[in-house]
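None of the figures in this text is laboratory data; all of them are computed from the coordinates on show. As the structure is a prediction and not an experimental result, all values here were calculated from the model. Here the Cβ positions follow ideal geometry from the backbone for every residue, glycine too, while neighbour counts run over all protein chains shown.
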2 protein chains.
Amino acid sequence: MKIYDWPTGPYPARVRITLAEKQMLSKVEFVRINLWKGEHKTADFRSKNYSGTLPVLELDDGTFLAECTAITVYLDALEGNPTLTGRTPLEKGVIQMMTKRAEIEMLDAISVYFHHATPGLGPKVEVYQNREWGLYQRDKALRSMHYFDDLLRKQPFIAGEAFSMADIAVIGGFIFAAIVKLPVPQECKALLAWYAKMQERPSIREQLAIVSPPH
Amino acid sequence: MKIYDWPTGPYPARVRITLAEKQMLSKVEFVRINLWKGEHKTADFRSKNYSGTLPVLELDDGTFLAECTAITVYLDALEGNPTLTGRTPLEKGVIQMMTKRAEIEMLDAISVYFHHATPGLGPKVEVYQNREWGLYQRDKALRSMHYFDDLLRKQPFIAGEAFSMADIAVIGGFIFAAIVKLPVPQECKALLAWYAKMQERPSIREQLAIVSPPH
């Protein structure tokens, strides 16, 4: 299998954490797509993923799988031992919901802020920017940190009692927040404590070392 | 189970089509949340779904499930006979990807157009609008119709050889396109032929009769 990714991208990091959790990092060949040169927006790359985003998983049969959730569902199902996407119908549903919520409220919102209200990937790649929309999404992301903080006062993980793909999505949010210098507010104690605890997992600690700016 | 929904909403229609496909419509009590009065944006409703969107499924144990994909994954897994979300790892992954693609490129893009570049749900509900962003998303949705048209020249369904949740997501796009009067271009012959074929399914024909403006 091949993964098209870029080492410091928050979305690619989600799939690398997933691969590490599934002990599959060594089974994958990584192909670098340079975000800063806009290689993910070329016609050639869009023939692999119409949406022009990273990461993309290429299977040995030539199938291209894009979207972190889709890739994670595939990888987690491969050996019949799902550890990240739920075993029961209820677990599957809640994990899907919380992963999507982490995306729309936090990770994707920070991404929009980055691409629209900061220089983003630079003028050659960011051919259209809507600064007001970017700032609006930044504020939405900040509100979501308080939501996740409240949630984590009541339960140990984003989707309930067990680590899942939803936790990895919020970690993606933390990674992007660090890139755009949008720190999680200090009063979000439960959220910050959860993030510290997440880093006890080797899969996460090792991938964070690749993406996060050193202090 | 309860479903919080609104009869003419495109997203609620996706879950009602799913329920009809699974022969479960009669097992659900429907609770109306009036979109036009902004009842989905109240603090009470946000305690059920932080994102303030419809539909939401309430289980008998009090769990609230939001997000169409999450609800569909739950319902499709309930009786151990998945017919909409895939049986093999590859089917699951591709269906997840294509559902997400239908959302971000078409359905969600039309929703942003509706809420930001048209009167949307009216001035009391649309407390912030970004018209330029709405128009940008409208154009993105129009481009996606050509993408899906190309795709359907090569395969019978959105995710490949079988009907799935991804087809239902594109039907949601058609429903919203009708509401905002954004017709699918006539040259998208494969996409229009697919949509006509979709309406041979009773689940879809019956729900379209509820949501679609009569000609």
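For the residues of B:65-71, the average number of beta carbons from a partner chain within 10 Å of their own beta carbon is 6.
In debye, nearest 20, what is the charge dipole magnitude of the range A:89-201 about its Cα centre with +1 on Lys and Arg Cβ and -1 on Asp and Glu Cβ, if you could check?
Using only the charged Cβ atoms, the result is roughly 100 debye.
Size of chain B: Rg and Dmax of its alpha carbons, in Å, are 16.7, 49. Averaging Cα coordinates gives a centre for the range B:1-59 and one for the range A:27-80; these two points are 33 Å apart. Please report, to one decimal in angstroms, the Kirkwood hydrodynamic radius of the range B:89-201 built from all distinct Cα-Cα pairs. It works out to 14.5 Å. Annotation: amide H-H contacts under 5 Å for residue A:56 (H modelled 1.01 Å from N, sequence separation of 5 or more, or interchain): A:4.
Listed by chain and number, the lysines whose C-alpha is less than 16 Å from the C-alpha of residue B:92, apart from same-chain residues fewer than 8 away, are A:92, B:100.
Straight-line cross-link partners of residue A:197 among the lysines, defined as a Cα under 18 Å from its Cα and at least 8 positions apart when in the same chain: A:154, A:189. Need the C-alpha centroid separation for the range B:102-149 versus the range A:102-136, integer Å. Rounded to whole Å, the Cα centres lie 17 Å apart.
The chymotrypsin sites (Phe, Trp or Tyr not before Pro) found in the range A:98-189 that occupy coil by DSSP, while having at most 14 further C-beta atoms within 10 Å, are A:128. If you look at the Cα atoms of the range B:2-77, you get an Rg and a Dmax of 11.5, 34 Å. Listed by chain and number, the lysines placed with their C-alpha closer than 24 angstrom to that of residue A:37 are A:2, A:48, A:124, A:181, B:140; residues fewer than eight positions away on the same chain are left out. On a per residue basis, the convex hull of the C-alpha atoms belonging to the protein assembly as shown measures out at 141 Å³. A viscosity of 1.002 mPa s and a temperature of 20 °C, combined with the Kirkwood radius over Cα pairs in Stokes-Einstein, give a translational diffusion coefficient for the range A:157-215 of 179 µm²/s. Here the peptides A:27-34, A:103-110 are ranked by packing, the mean other Cβ count within 10 Å, and the order with the highest first is A:103-110, A:27-34. Per residue, the Cα convex hull of the range B:129-173 amounts to 64 Å³. Phi angles across the range A:27-38 convert, under the Karplus curve 6.51 cos²θ - 1.76 cosθ + 1.60 with θ = phi - 60°, into 3J(HN,Hα) values of 8, 10, 9, 9, 10, 7, 10, 6, 4, 6, 9, x Hz, Gly and Pro given as x.
In terms of other Cβ atoms within 10 Å, A:138, B:16 run from fewest to most in the order A:138, B:16.
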